[in-house]
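Working notes, beginning with the structure itself.
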Amino acid sequence: MRSVASASSSILETLKLLVPGASTRTLRQMLAQERITVNGIICKLGNLQVCSGDVIEIGPRRILSKLPAGLEILYEDKDILVIQKPSGLLTVATVDERERTVFAYLRQNLKEVDVRQKLFIVHRLDKFASGVLVFAKSENVKESLQKLFIKHDIQRKYWAIVEGRVEEKQGTIQSHLAENQSLRMHSTNDARRGKSAVTHFRVLRWFPGLTVLEVTLETGRKNQIRVHLSEMGHPIVGDQAYGSTQNPLGRLGLHAFCLGFNHPTQGKPLLFKTAPPPEFERYLRKAIDNH
């Protein structure tokens, strides 16, 4: 099925007009199954905005090797690939693990469609964090996206569940981060040794002995959120490396739920938001409704 959007709206609302007999659940399944394209680009997020004149097509699902549980493709076009990474999966290879990484799974997935297709890393998430990542399909696109990161011209928001009660409802943490001989990050007063790091936070909800934060990165240094919150006296739950003694989630309490940037070749703004992982839901449900 092929149609042209008559007005600006979300893709989900547009699909409701194009397929009036389908339930919202069915339409979301069609998006999740990669059956919907907008101007030839696969769309999986119901809140993606389409404009009048955009070409929308509903087609068969692309059949590829199954990705590991929790690793989902949110958006894909000829230039970029946006995914959601589960907790416990490395972004890229290390000395100890080369096969079970996000990069390896995605590269194999792409090569099943085009053996010549390359994939380039733009940024990373810690192994035990989860959330949205963007990859580039060419070196030029990778460089363009990394320039956005360097200029901080990108939106990155996280949910962090931390130990203790954070009394200040919002604030900013600034320091210079350096790495010691044990490869552990820490703040330093010597600006020549560390790189400037800025983290903004606001309280979403309190629980006995815990606080739910929305964290916005202004810079993106290694382990930045983990270090800053720990040094503030509120380590992220499940983060033993930075002082946590609680683990109510059974994993690191950090999820990158929002990533926004201008498309590196088309210039249009893109914004990707994900639902809370199951283990976060009880801590975030009311917080999301109230904000």
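Every read-out reported here was derived from the displayed coordinates using simple, explicitly stated rules and does not represent laboratory data. Computed from a predicted model, the values in this text were never measured in an experiment. Note that each Cβ is placed from the backbone with ideal geometry, even for glycine, and that neighbours are counted across all protein chains shown.
Tell me which residues, restricted to segment 226-246, are under 27 Å from Lys151 (Cβ atoms) and either assigned to a loop (DSSP other than H, G, I, E, B) or charged (D, E, K, R) (or both).
Of everything in segment 226-246, those that are under 27 Å from Lys151 (Cβ atoms) and either assigned to a loop (DSSP other than H, G, I, E, B) or charged (D, E, K, R) (or both) turn out to be Arg226, Glu231, Met232.
When you go through (1) touching a strand residue (DSSP E or B) at 6+ places or on another chain (Cβ under 7 Å); (2) assigned to a helix (DSSP H, G or I); (3) not acidic (Asp, Glu) one by one for Gln108, which number turns out not to apply?
Of the numbered conditions (1) touching a strand residue (DSSP E or B) at 6+ places or on another chain (Cβ under 7 Å); (2) assigned to a helix (DSSP H, G or I); (3) not acidic (Asp, Glu), the odd one out for Gln108 is (1).
For segment 247-256, does any single residue satisfy the condition of being in contact with a helix residue (DSSP H, G or I) (Cβ under 6 Å, 6 or more places away or on another chain), without any contact (Cβ under 8 Å) to a residue 40 or more places away in the chain and over 30 Å from Leu31 (Cα atoms)?
Scanning segment 247-256 turns up no residue that is in contact with a helix residue (DSSP H, G or I) (Cβ under 6 Å, 6 or more places away or on another chain), without any contact (Cβ under 8 Å) to a residue 40 or more places away in the chain and over 30 Å from Leu31 (Cα atoms).
For segment 107-123, give me the residue count where each residue is surrounded by fewer than 12 Cβ atoms within 10 Å (Cβ to Cβ) and among the β-branched types (Val, Ile, Thr).
2
Conditions first: (1) surrounded by 19 or more Cβ atoms within 10 Å (Cβ to Cβ); (2) under 18 Å from Lys137 (Cα atoms). Leu90 passes all but one, so which condition is the exception?
Failing condition for Leu90: (2).
Among Lys16, Lys66, which is the only one that is in contact with a helix residue (DSSP H, G or I) (Cβ under 7 Å, 6 or more places away or on another chain) and either on the phi < 0 side of the Ramachandran plot or not in a loop (DSSP other than H, G, I, E, B) (or both)?
Values: Lys66 fails: in contact with a helix residue (DSSP H, G or I) (Cβ under 7 Å, 6 or more places away or on another chain).
Result: Lys16 is the single residue among Lys16, Lys66 that is in contact with a helix residue (DSSP H, G or I) (Cβ under 7 Å, 6 or more places away or on another chain) and either on the phi < 0 side of the Ramachandran plot or not in a loop (DSSP other than H, G, I, E, B) (or both).
Against the condition under 15 Å from the mean Cα position of the chain (by Cα) and touching a residue at least 60 places away in the same chain (Cβ under 8 Å), how does Ile236 come out, does it pass?
On the way: under 15 Å from the mean Cα position of the chain (by Cα): no; touching a residue at least 60 places away in the same chain (Cβ under 8 Å): yes.
No; evaluated as a whole, the condition is false for this residue.
Condition first: more than 11 Å from the chain's Cα centre (by Cα), surrounded by fewer than 18 Cβ atoms within 10 Å (Cβ to Cβ) and more than 18 Å from Phe149 (Cα to Cα). Now tell me which residues in segment 247-275 satisfy that.
Asn247, Pro248, Gly250
Being farther than 23 Å from Ile173 by Cβ and in contact (Cβ under 8 Å) with a residue 60 or more places away in the chain: is that true of Pro277 here?
Yes: the conditions hold for Pro277.
Using the structure shown, decide if Arg116 is touching a strand residue (DSSP E or B) at 6+ places or on another chain (Cβ under 7 Å), in a loop (DSSP other than H, G, I, E, B), more than 17 Å from Val82 (Cβ to Cβ) and basic (Lys, Arg). Show your work before the answer.
Numbers: touching a strand residue (DSSP E or B) at 6+ places or on another chain (Cβ under 7 Å): no; in a loop (DSSP other than H, G, I, E, B): yes; more than 17 Å from Val82 (Cβ to Cβ): yes; basic (Lys, Arg): yes.
So Arg116 fails the test.
Does Phe280 qualify as being in contact with a His (Cβ under 7 Å, 6 or more places away or on another chain) and more than 26 Å from Glu143 (Cβ to Cβ)? Reasoning before the result, please.
Working: in contact with a His (Cβ under 7 Å, 6 or more places away or on another chain): yes; more than 26 Å from Glu143 (Cβ to Cβ): yes.
Yes, satisfied.
Quick one: how many residues across segment 185-209 are polar (S, T, N, Q), part of a loop (DSSP other than H, G, I, E, B) and surrounded by 11 or more Cβ atoms within 10 Å (Cβ to Cβ)?
Narrowing segment 185-209 to residues polar (S, T, N, Q): 187-189, 196, 199.
Subset that is part of a loop (DSSP other than H, G, I, E, B): 189.
Next cut, surrounded by 11 or more Cβ atoms within 10 Å (Cβ to Cβ) only: none.
Of the residues in that region, 0 qualify.
Write out, first by first residue and then by second, each pair whose Cβ atoms fall under 6 Å of each other, whose residues are 6+ apart or on separate chains, and whose first residue, in segment 210-225, is in a strand (DSSP E or B) while the second is buried (at least 17 other Cβ atoms within 10 Å of the Cβ) and among the acidic types (Asp, Glu).
Short answer, once both residue conditions are applied: none.
Please verify whether segment 177-184 includes one or more residues that are farther than 30 Å from Glu281 by Cα, crowded, with 19+ Cβ neighbours inside 10 Å, more than 22 Å from the chain's Cα centre (by Cα) and in contact (Cβ under 8 Å) with a residue 24 or more places away in the chain.
Checking segment 177-184: at least one residue is farther than 30 Å from Glu281 by Cα, crowded, with 19+ Cβ neighbours inside 10 Å, more than 22 Å from the chain's Cα centre (by Cα) and in contact (Cβ under 8 Å) with a residue 24 or more places away in the chain.
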